[in-house]
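First up is the structure itself, then whatever we jot down about it.
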Amino acid sequence: MASSRQDTNTDNMKMRAQLKGEFVEVKVLMSHPMETGRRKDDFDRLVPAHFVQLLTATLNGKTVLEAQWGTGISKNPYLTFRLKGAKLGDVVEVTWHDNLGDTATQHIAVTQG
């Protein structure tokens, strides 16, 4: 049975949100195995699938990005995106949900780039 937990460990996701001109550049590095379910271990057994299915980003609570991911995304995904209309001090939050029911959320305030 999959666990359902909220993980706020800062080691799980590293984020940066920097104001550069009229855009905020957000960079996110996630720690996740992203197993496809097709790889075999050293004993020739299939490693169970374990991957991020849904990623959501918000700016001050309003959804600005939603992505449905699958097994084609590599281990420890890195995501960069730009937002228009954000100001210094605004809060960017990123949340992912995986196929085993685990969830991680991280937030950061926008800084000057």
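A few comments on the model shown:
- Proxy reagent accessibility, fewest Cβ within 10 Å first, across Ser74, Ser31: Ser74, Ser31
- FRET efficiency, Val47 to Ala67 (Cβ-Cβ, R0 25 Å, nearest 0.05): 0.60
- Rounded to the nearest 20, the Cβ-based charge dipole of segment 6-112 about its Cα centre (Lys and Arg +1, Asp and Glu -1) stands at 400 debye.
- DSSP beta bridges fully contained in segment 6-112 are about 90 percent antiparallel.
- Theoretical gain in end-to-end length, Thr95 to Gln18 [0.36 nm per residue, Cα-Cα removed]: 25.9 nm
- Computed over the chain, relative contact order equals 36 percent, with contacts defined as Cα pairs under 8 Å that lie 6+ residues apart.
- Shown in residue order for segment 74-87 are the 3J(HN,Hα) couplings computed by the Karplus curve 6.51 cos²θ - 1.76 cosθ + 1.60 at θ = phi - 60°: 6, 4, 6, x, 10, 10, 10, 8, 10, 10, 10, x, 8, 10 Hz (x for Gly and Pro).
- Toward the positive end of the charge dipole of the chain, with +1 on the Cβ of Lys and Arg and -1 on the Cβ of Asp and Glu, the farthest Cα among Val47, Leu29, Leu88 is that of Leu88.
- Listed by Cβ neighbour count within 10 Å, with the fewest neighbours leading, Trp69, Trp96 appear as Trp69, Trp96.
- The number of Lys pairs in the chain with C-alpha atoms less than 26 Å apart, excluding pairs fewer than 8 positions apart on the same chain, is 15.
Every read-out reported here was derived from the displayed coordinates using simple, explicitly stated rules and does not represent laboratory data. Treat the numbers as computed from the prediction; the structure is a model and nothing was measured. In this analysis, Cβ positions are derived from the backbone assuming ideal geometry, glycine residues included, and neighbour counts consider all displayed protein chains.
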